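The values are calculated or read from the model by the stated rules, or taken from the named source; none is laboratory data. This one's a predicted model, so the numbers in the text were calculated from it and none came from an experiment. Don't worry about glycine lacking a Cβ; one is built from the backbone with ideal geometry, like all the others, and counts go over all protein chains shown. To get the accessible areas, we keep the full protein, side chains included, count just its heavy atoms, and leave off ligands, DNA and RNA. Shrake-Rupley method; radii C 1.70, N 1.55, O 1.52, S 1.80 Å.
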Amino acid sequence: MKRFHQDPVRMIRVIRHAARTGFHIEDQTYQAIFRHREEIQQCSPSRLRDEFLRELKEGTSRSSLDLMLQTGLLFSLFPGLERALGHRNPSEKGSREFFLSLFDLVDQLIKTGGQVTEPVLLALFLTPFLRTVIPQHPFLGKRERYLYWVQSIHWAIHEIFTPFSFPRGAKRWPVRFWWLSRI
């Protein structure tokens, strides 16, 4: 579609509108998103970051992320996620279900008037990737396990969120979140 070529961010907006209203994306538009999804990388990283975070905060993130997975737009935005949620993962279906269930909980919390901070959203967003790519090391001591996890999470943050410029504090929080969930 010519409009997606002019402003690829419109693909994210179409998905957000469909998720928010429950409307079905018309087939020609859906196919255009599928065909032009790589053009999203031409947009400014800060603009994409803002649009994406808006997607997660509106209370319909599960539906939005599901549509982004179906169209492949999520992998165009975050290519590193394909390891955890794409066809390269032998447990792709289970990983996707787990990922979407996390954001189903976020949506429920938002709909009841709760708020979810950006650092928590980013930590949840990284969770399936971390579960897929970071092996368990049962023979490490507590301190070594902690250092291993911290280094792995910093690597994952860099791998997934580059080139987006998330605030430094938001990128530190996943380390705390993940370590506490492992204790």
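Per-structure values
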| item | result |
| --- | --- |
| Residues of the stretch 59-86 classified as charged (D, E, K, R) and more than 15 Å from T21 (Cα to Cα), total | 2 |
| Residue match in the stretch 101-113 (condition: assigned to a helix (DSSP H, G or I), hydroxyl-bearing (S, T, Y) and modelled with pLDDT under 95) | no |
| Matching residues in the stretch 70-88 - criterion: being more than 24 Å from T117 (Cβ to Cβ) and either surrounded by 18 or more Cβ atoms within 10 Å (Cβ to Cβ) or under 11 Å from the mean Cα position of the chain (by Cα) (or both) | T71, L73, F75, S76, P79, E82 |
| Pair list, Cβ under 7 Å, 6 or more apart: the stretch 44-67 residue farther than 18 Å from P128 by Cα and in a loop (DSSP other than H, G, I, E, B), other residue open to solvent by less than 20 Å² (accessible area, probe 1.4 Å) and among the acidic types (D, E) | G59/D107; T60/D107 |
| Residues satisfying the stated conditions in the stretch 89-100, i.e. modelled with pLDDT of 90 or more, open to solvent by 50 Å² or more (accessible area, probe 1.4 Å) and farther than 12 Å from F129 by Cα | E97 |
| Members of the stretch 1-28 that are surrounded by 18 or more Cβ atoms within 10 Å (Cβ to Cβ) and farther than 19 Å from L48 by Cα | I25 |
| Unmet criterion (only one of (1) under 23 Å from K57 (Cα atoms); (2) modelled with pLDDT under 75) for Q136 | (1) |
| Every pair of residues 6+ apart whose Cβ atoms lie under 6 Å, when the first sits in the stretch 75-87 and is touching a residue at least 40 places away in the same chain (Cβ under 8 Å) while the second is assigned to a helix (DSSP H, G or I) and acidic (D, E) | G80/E159 |
| Residues of the stretch 29-65 satisfying the condition of being closer than 18 Å to I110 by Cβ and open to solvent by 50 Å² or more (accessible area, probe 1.4 Å) | D50, R54, K57, E58, R62, S63 |
| Residues that are at pLDDT 80 or above and over 19 Å from the mean Cα position of the chain (by Cα), drawn from the stretch 150-183 | V150, Q151 |
| Residue list for the stretch 17-35, filter: farther than 13 Å from L77 by Cβ, touching a residue at least 12 places away in the same chain (Cβ under 8 Å) and part of a helix (DSSP H, G or I) | A18, A19, R20, Q28, T29, Y30, A32, F34 |
